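Input: a single structure, listed below in structure tokens.
FYI, it's all coordinate maths here, none of it is from the lab. Source: prediction; values computed, not measured.
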Amino acid sequence: MVVIIKFKSEPRVGKSPVDWVLLAPPGESRQSTQTWHRVAKLIPLAHPTEVEARSDSYLAMKGRWERIGPHYDAWKSGQEIPETGTPLGAWSGVSQEQAEIFKSFSVRTIEDVSTLSDGLLQRIPIPDVRRLKLIAAEYLEQRPMADMQQELIAANERMAAMEEMLAEATKPKPADSKKAESRKAAA
């Protein structure tokens, strides 16, 4: 797997610009092992031969592009790079300024904060950053319980709506009650 840090476009005189992507491996070495790659060199062949399509290098290139491609397309269209995990902006555990500092260290999600290495914790200039790591881990731990509670509330609401529909469907209609009364009278 590869972590996508950012994209940039390098203008060239008289030629079309060159797009670059900054990639890094996941984990501790993310900060120290970042490399720039030409986007055009990462795109696999559109119509490979049968031999090329089965080669290990083509399969690796295709797998990498499946990860990078959607991010690149979003960047080209001017959107925020889609993130996996819960964005820091959606978490009340950090301020906007702290989120920006985290982003400068390629930490974009709550999951990233909860798995910060000791080396990175020492370099991030946020007071009590170790406590934020613990809070992020607790938040992620408790989130499944909150999701389950929301699902239970939604299920209860659906059940109540179904009970109302069932009561309405089984309620005797005025014509049915007249027939029942005429049968009783005839008997």
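Tabulated results
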{"read-out": "Volume of the Cα convex hull of the range 85-170, divided per residue and given in Å³", "value": "95"}
{"read-out": "Taking all pairs of distinct alpha-carbon atoms in the range 40-99, Kirkwood radius in angstrom", "value": "14.2"}
{"read-out": "Structure-based [θ]222 nm, the chain - -39500 (n - 2.57) summed over DSSP H runs of at least 4, per residue, nearest 500", "value": "-18000 deg cm²/dmol"}
{"read-out": "In sequence order, calculated HN-Hα J values of the range 63-70 (Karplus, 6.51, -1.76, 1.60; Hz; x Gly/Pro)", "value": "x, 5, 5, 4, 7, 7, x, x"}
{"read-out": "Over the range 3-79: Rg over Rh, Cα atoms, Kirkwood Rh", "value": "1.02"}
{"read-out": "Gaussian network model of the chain, Cα within-10 Å springs - most flexible of Glu163, Glu111, Glu151", "value": "Glu163"}
{"read-out": "GNM flexibility winner over the chain from Thr115, Thr49, Thr33 (Cα, springs under 10 Å)", "value": "Thr49"}
{"read-out": "Per-q log10 I(q)/I(0), the chain, q = 0.11 Å⁻¹ (Debye; single scatterer per alpha-carbon; no solvent)", "value": "-0.71"}
{"read-out": "HN-Hα J in Hz across the range 112-118 - Karplus 6.51, -1.76, 1.60, θ = phi - 60°, x for Gly and Pro", "value": "5, 5, 5, 10, 4, 7, 4"}
{"read-out": "Entries of Lys8/Lys133; Lys41/Lys76; Lys41/Lys103; Lys15/Lys62; Lys41/Lys62 with Cα pairs more than 20 Å apart", "value": "Lys8/Lys133; Lys41/Lys103; Lys15/Lys62"}
